[in-house]
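Data first, discussion second: the structure below is written as structure tokens.
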Amino acid sequence: FTKEQQALMKVIIDAYNKHQIPQDVAKKLLQDKYSTEENFLLLTEMATSQVQVLVEFTKNIPGFLSLDREDQIALLKGSAVEAMFLRSAQALNKKMPIGHTEVLEERIRKSGISEEFIKPMFNFYKSIGELHMVLEEQALLTTITILTPDRPYVKDQPAVERLQETALDLLRKMCVLHHPQEPQYFARLLGRLTELRTLSHYHAEMLASWRVNDHKFTPLLCEIWDV
Ligand SMILES: Nc1ccc(C(=O)O[C@H]2C[C@H]3CC[C@@H]2C3)cc1
């Protein structure tokens, strides 16, 4: 790795570690109330906290704050769902404290999300788990998702491309280092980003069906998803 790449990796890893879902939100998942309503409220709190974590993490990506202000907003709005699914996949697959994973899975399944979205969502979680990404790869994959140049309303796409390419070069080297036996590993990681995009379509329908049933969102979720 070059000196710059080592510095970039350190900044991204520190940001990724620093901005985790607060323990109190995670602990709430273990409380004993299990009604559909209660599960939905907990997911709302979790999603809101994940968006807050996403914004803080993104601000630490080198070069991000030098982008055009409106492009920064367009990138955050365009990547929020994908970054959130990535982070919840990583959280669910990480050895969470005993029982957390099953509890979170149970709450997601019983929160008013229709079965047609639950299946692809858990397939995605499983496919992420099977990759056994190291922390650096998780943080870089999230960074690459955020720095996607072709999000709606991005004006200066080349500026975003330059930042994304830097992160892609670094991720490619990380994959060779941590998965020397799997030359296709880097390509497999990027393939997950395609699967993420299909998930975000399901997510839009998930939001719409919750709205139709008059479920309450937080102001932050309304703002980031224009609902
Ligand atoms: N009022 C809302 C509640 C939850 C979400 C959401 O996207 O939840 C995400 C967290 C994980 C479980 C479902 C997805 C992934 C959106 C609006």
For Phe64, Phe1, ascending order of other Cβ atoms within 10 Å (fewest first) is Phe1, Phe64
Over 19 Å (Cα to Cα) among Lys3/Lys155; Lys10/Lys155; Lys27/Lys216; Lys33/Lys110 -> Lys3/Lys155; Lys10/Lys155; Lys27/Lys216
Cα-based Debye curve of segment 1-135 sampled at q = 0.12, 0.13 Å⁻¹ gives log₁₀ I(q)/I(0) of -0.55, -0.64
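Could you tell me the convex hull volume per residue, in Å³, taken over the Cα atoms of segment 89-149?
Details: hull volume 6.3 nm³, N = 61.
That works out to 103 Å³ per residue.
Would you kindly calculate the mean projected area, averaged across all directions, of the convex hull enclosing the Cα atoms of segment 132-227, in square nanometres? Before the final figure, lay out the partial values.
On the way: hull surface 30.6 nm².
The Cα convex hull of segment 132-227, projected and averaged over all directions, gives 7.6 nm².
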Here the equivalent ellipsoid of the chain, derived from its Cα gyration tensor, has semi-axes (largest first, whole Å) of 29, 21, 16
Going from the fewest other Cβ atoms within 10 Å to the most, one would list Ser111, Ser35 as Ser35, Ser111
Protection proxy (average C-beta count within 10 Å per residue), highest first, orders 168-179, 207-218 as 168-179, 207-218
Taking Val81, Val11 and counting other beta carbon atoms within 10 angstrom, the fewest-first order is Val11, Val81
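Values in this text are rule-based calculations from the coordinates and carry no lab data. Just so you know, these numbers come straight off a predicted model, no measurement behind them. Here Cβ is always computed from backbone atoms with ideal geometry, including for glycine, and neighbour counts include all displayed protein chains.
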